[in-house]
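The values are calculated or read from the model by the stated rules, or taken from the named source; none is laboratory data. Here the structure is a predicted model, which is why all the values come from computation and not from measurement. Neighbour counts run over all protein chains shown; Cβ positions are idealised from the backbone, glycine included. Just the protein is used for accessible areas: all its heavy atoms, side chains included, with ligands, DNA and RNA removed. Shrake-Rupley method; radii C 1.70, N 1.55, O 1.52, S 1.80 Å.
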Amino acid sequence: MQIETLTVREKQIYKLLLTEPLNRDELCEILHIELPTLRTHCQHIYDKLCVKNRIELLTEYIKENCKDL
């Protein structure tokens, strides 16, 4: 995964997507953004990391970071 290609804001959202069991409304509240903005950021993250959704994002993260387990 090419995390370094993400913007600062995308990295912030990426970390929340991976670490917090929050729904979209909760994410928007924490980030102080509207739902369409969150969707746009998420789509950019997914595109840059070559995944289709949050589940794939989590799966790829686990694959990359738990190879030695």
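Ignoring any ligand, DNA or RNA, what whole percent of the accessible area of region 1-57 comes from carbon and sulfur when the probe is 1.4 angstrom?
Answer for region 1-57: carbon and sulfur cover 54 percent of the accessible area.
Please list log₁₀ I(q)/I(0) at q = 0.25 Å⁻¹ for the chain, using the Debye equation with identical point scatterers on the alpha-carbon positions.
Here the Debye-derived log intensity ratios amount to -1.20.
Once you keep just the Cα pairs under 8 angstrom separated by 6 or more residues, what percentage relative contact order results for the chain? Numbers along the way, then the final one.
On the way: 36 pairs, mean separation 28.6, N = 69.
Dividing the mean separation by the residue count of the chain yields 41 percent.
Could you state the number of Å between the C-alpha centres of region 42-66 and region 1-41?
Rounded to whole Å, the Cα centres lie 12 Å apart.
Which distance in nm do the two modelled labels at K63 and T7 give, with both placed 7 Å along the Cα-to-Cβ direction?
Each label point is offset 7 Å from its Cα along the Cβ direction, giving 2.7 nm.
Excluding ligands, DNA and RNA, what is the solvent-accessible area per residue of the chain at a probe of 1.4 Å, expressed in Å²? The partial results should precede the final answer.
Values: 4950 Å² over 69 residues.
Solvent-accessible surface per residue comes out at 72 Å².
Could you work out the local net charge near Q43, counting Lys and Arg as +1, Asp and Glu as -1, over the other residues with Cβ closer than 12 Å to its Cβ? Each step should come with its number before you reach the end.
Numbers: positive: R39, K48, K52, R54; negative: E10, D47.
In short, +2.
What's the magnitude of the charge dipole for the chain around its Cα centre, counting Lys and Arg as +1 and Asp and Glu as -1 at the beta-carbon? Answer in Debye, nearest 20.
Numbers: 10 positive and 12 negative charges, 30 e Å.
Taking the Cα centre of the chain as origin, the dipole is about 140 debye.
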